[in-house]
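The values are calculated or read from the model by the stated rules, or taken from the named source; none is laboratory data. The model shown is predicted, which means the values in this text are computed figures rather than measured ones. Cβ: placed from backbone, ideal geometry, glycine included. Neighbour counts: every protein chain shown. Note: accessible area is taken over every heavy atom of the protein model, side chains too, but ligands, DNA and RNA are not part of it. Shrake-Rupley method; radii C 1.70, N 1.55, O 1.52, S 1.80 Å.
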Number of protein chains: 6
Amino acid sequence: MSEPATVKMVEYADAGAEVRAVYDDIMATKGIDFVPNAWKTFASHPPTLKRLWYGLKEVMAPGALDPKFKEMIAVAVSATNGCDYCTRSHTAAARKLGMTDAEYGELLAVVGMFNQINALAEAYKIPVDAVFMKPFGAGPSPVPQGDGEAPSS
Amino acid sequence: MSEPATVKMVEYADAGAEVRAVYDDIMATKGIDFVPNAWKTFASHPPTLKRLWYGLKEVMAPGALDPKFKEMIAVAVSATNGCDYCTRSHTAAARKLGMTDAEYGELLAVVGMFNQINALAEAYKIPVDAVFMKPFGAGPSPVPQGDGEAPSS
Amino acid sequence: MSEPATVKMVEYADAGAEVRAVYDDIMATKGIDFVPNAWKTFASHPPTLKRLWYGLKEVMAPGALDPKFKEMIAVAVSATNGCDYCTRSHTAAARKLGMTDAEYGELLAVVGMFNQINALAEAYKIPVDAVFMKPFGAGPSPVPQGDGEAPSS
Amino acid sequence: MSEPATVKMVEYADAGAEVRAVYDDIMATKGIDFVPNAWKTFASHPPTLKRLWYGLKEVMAPGALDPKFKEMIAVAVSATNGCDYCTRSHTAAARKLGMTDAEYGELLAVVGMFNQINALAEAYKIPVDAVFMKPFGAGPSPVPQGDGEAPSS
Amino acid sequence: MSEPATVKMVEYADAGAEVRAVYDDIMATKGIDFVPNAWKTFASHPPTLKRLWYGLKEVMAPGALDPKFKEMIAVAVSATNGCDYCTRSHTAAARKLGMTDAEYGELLAVVGMFNQINALAEAYKIPVDAVFMKPFGAGPSPVPQGDGEAPSS
Amino acid sequence: MSEPATVKMVEYADAGAEVRAVYDDIMATKGIDFVPNAWKTFASHPPTLKRLWYGLKEVMAPGALDPKFKEMIAVAVSATNGCDYCTRSHTAAARKLGMTDAEYGELLAVVGMFNQINALAEAYKIPVDAVFMKPFGAGPSPVPQGDGEAPSS
């Protein structure tokens, strides 16, 4: 898309010290040598740039889940919301982290299926089974005897 | 929720042979001894019951991605869509398949973050960087030199 | 749901002449003897009550499309948006206008399928075929030679 | 839009026998002589291509509802979700099946109105009237005495 | 975007008297000398043009809230829905009415934050605190002792 | 709603020092003497609790926009997303900050109207007028001569 953002993007050369420090951390963290348009756009409001970057960096860091999985979740959310920029940039990011053709195909198959089932659950107003109501971590035996949709091995 | 569905749910005892066969496959595949409300609701229109169940079974089967990951994708999509039934049932399913507290916390952190960033990408109308436009599988070197948001290791 | 609305609903007995006139027209137009909660809620802001009621009355009146079809469209939109009140009230309205079990089953099958395909079209960023770009009514031959998804007879 | 899909689309000439069989059925069923981009994209993951095409073919076939109506439902869902590809392709498909200017104008009027009312129902948290809670097909007298929004004749 | 609308837009020169009267009121009300594409598109169905324009004019007029604030609400809603046309046109409108860079930055920060928190509230199925359930205007003391998220001064 | 969250909420008495410090700041900042359920839920994953609370506190603080306006934006976003918890809690918060009945009525009228117009803009695929494409802050004369929907004074 050649249409401009709604604000003037802040180029590195025009950025103040505070914004440059974030840009430097973005490039170092990602191992890239350019600042993606998302960050040049958010820099139009420096508190937003900082809150989003440091929040995203924390959320996407390796932890209980690995970064490739996290990028794939980002694709699932972005596609469900219909966000063009995020779908493209996180699909590229997941590929860079090793997502294969087969993994991508299965990821989107799940995304498509649940957008379908979500709409039908809302349309039919399906009552929630009592077994699904137990909160996670609420006691010594949090695993229900049966579940809803998970094919068990 | 005690509100009824918009249709009369089909109990096993009242189901015809075609519906019972699907119910039996659902219970056998999942290793449960009851039919969740979703399937009793979809059974009000048997072609829907069959298309959804056999489609879901195919999509959620182990493949390039494992079933726990697939259930977590289902949670991400269902939460983004605000679907009550699906969020609860697939959160329960992912727990049954071994999702830990820490994994669940990180999953939702990613889901929340990208709902935020998606909205801002749409609000600011961020132009897509050219580097994100290359289609997956389009040539011998599909990996871009730099990506958008993925923290590289 | 027994939870209250965010505003005090305006009962007929407490309504002023302006609101009562709308309530009377609602009941006469629909052939019912009570004021549904939606209208008692909108009456908390009389300009909203009037704009919505007279707008809805115009839009849902018989015209090129018949009222049953229009109620079914309302169900499709409301389910896609996940709106509880609207899904229930318009499902009831479509039933009252004669929607059969089979019609309802097929309606929701279409609603579910397109929520799936919409998400996948956004995920894969499918380019629009040139043939789908011709505006409706733009010339003597508005019908494309081929289309996208319509099974032709 | 000239932006590419996130995957390499599979052209007929490059497709294997399994994919070609689906392409042939798509063209024969629709009476067209080209494969729309949606299917060339889904073919990047053959199980997705097959599940979606045979599912869609079943759902959109003539039944209790006619195909033109079904395409119009597809437009309503796609517009509500803001899906570019689907909105354009199914608007074209509905036109090919005979949707008139007047029908299209009324369809979108309903779509717009319910996107408005859905948002307000969610904003005001309107409690569902008890009369709308009775499930469809739950007994010998499923038709409520009064409904919510349907103008009766 | 150079892609056409799905209908032929109605130019002033080609419009009938009824449509021209609306166009004249639009230009006079807004103090502009052209008809934006939205209205030329809605004019393809004159009842829609009239209902939307006179509805919008009423809703956006100065009242308890000032027009700049109302345009900013329009931006918040449009960004949340991912609507390209509306996001751009109402961002431009709010700027024309005096929205500053700082106001715009804060507006979008709030929009982003609540898209995040909304998704998490849906994901975790947070129960509503009883104190938030009291309807507005329901008695002499509608102000709760404590609230949810509002930083008090 | 009496349904539990998907996690065990963390009560003050059971919280560790880190979580208690956040809880104390929440109560002090808001001037309330209880911890709303949202925060007790987010505390199931302490990094989420901290990132959301300190992010929200920064975003909602008085700045170029006043807190009441910010809470009203939160209501607009939450209603558009159909988020029950957020709609109720931020409606209560805006009331506490002085939002009047008339302001609330007008707020929701705008929210409803733009959910309608957004859907129609997506349905008709309205091309963006060139005049709306100029980025904010891109030069000495950022104000277009004409805008789209803003009624000028």
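Observations, loosely collected:
- Positions within region F:5-63 being under 18 Å from F:R88 (Cα atoms), open to solvent by 50 Å² or more (accessible area, probe 1.4 Å) and part of a helix (DSSP H, G or I), in sequence order: none
- Where C:K96 falls short, out of the listed (1) modelled with pLDDT of 95 or more; (2) more than 10 Å from chain B (Cβ to nearest Cβ): (1)
- Checked against (1) in contact with an Asp or Glu (Cβ under 9 Å, 6 or more places away or on another chain); (2) modelled with pLDDT of 95 or more, D:G55 meets all criteria but (1).
- Total residues in region E:87-99, condition open to solvent by 10 Å² or more (accessible area, probe 1.4 Å) and in contact with a strand residue (DSSP E or B) (Cβ under 8 Å, 6 or more places away or on another chain): 1
- Per-region count, region B:37-58, residues within 15 Å of A:F114 (Cα to Cα) and in contact with a Lys or Arg (Cβ under 7 Å, 6 or more places away or on another chain): 2
- Selection within region E:3-60 - within 27 Å of F:E103 (Cα to Cα) and of a type in the set (K, R): E:K30, E:K50, E:R51, E:K57
- Criterion applied to C:A102, C:A119 was being part of a helix (DSSP H, G or I), open to solvent by 10 Å² or more (accessible area, probe 1.4 Å) and within 11 Å of chain B (Cβ to nearest Cβ), and the one residue passing it is C:A102.
- Summed over region F:63-85, the residues that are over 23 Å from E:A74 (Cβ atoms) and free of Cβ contacts under 8 Å to residues at least 12 places away in the same chain give a count of 0.
- Taking residues in region A:115-130 that are over 19 Å from F:T6 (Cα atoms), and partners anywhere that are β-branched (V, I, T) and not in a helix (DSSP H, G or I), the pairs with Cβ atoms closer than 6 Å and at least 6 places apart or on different chains are A:Y124/B:T6; A:K125/B:T6.
- Any hit, region C:125-143, residues being open to solvent by 20 Å² or more (accessible area, probe 1.4 Å), modelled with pLDDT under 95 and of a type in the set (V, I, T): yes
- Residue count for region F:83-134 under the criterion of being over 23 Å from E:A61 (Cα atoms) and of a type in the set (S, T, N, Q): the result is 2.
- Residue-level check: of (1) farther than 24 Å from F:V59 by Cβ; (2) modelled with pLDDT of 95 or more, A:S2 misses just (2).
- The test for being in a helix (DSSP H, G or I), more than 7 Å from every other protein chain (Cβ to nearest Cβ), surrounded by 24 or more Cβ atoms within 10 Å (Cβ to Cβ) and at pLDDT 95 or above does not hold for B:M113.
- Restricting attention to region A:28-65, the residues that are away from chain E (no Cβ under 12 Å) and over 18 Å from the mean Cα position of the chain (by Cα) total 7.
- The residues of region C:66-81 that are at the interface with another protein chain (Cβ under 7 Å from one of its Cβ atoms) and either at pLDDT below 95 or open to solvent by 10 Å² or more (accessible area, probe 1.4 Å) (or both), listed by number, are C:P67, C:F69, C:T80, C:N81.
- Out of F:D84, F:D147, one residue alone is modelled with pLDDT under 95, surrounded by 22 or more Cβ atoms within 10 Å (Cβ to Cβ) and farther than 30 Å from C:A38 by Cβ. It is F:D147.
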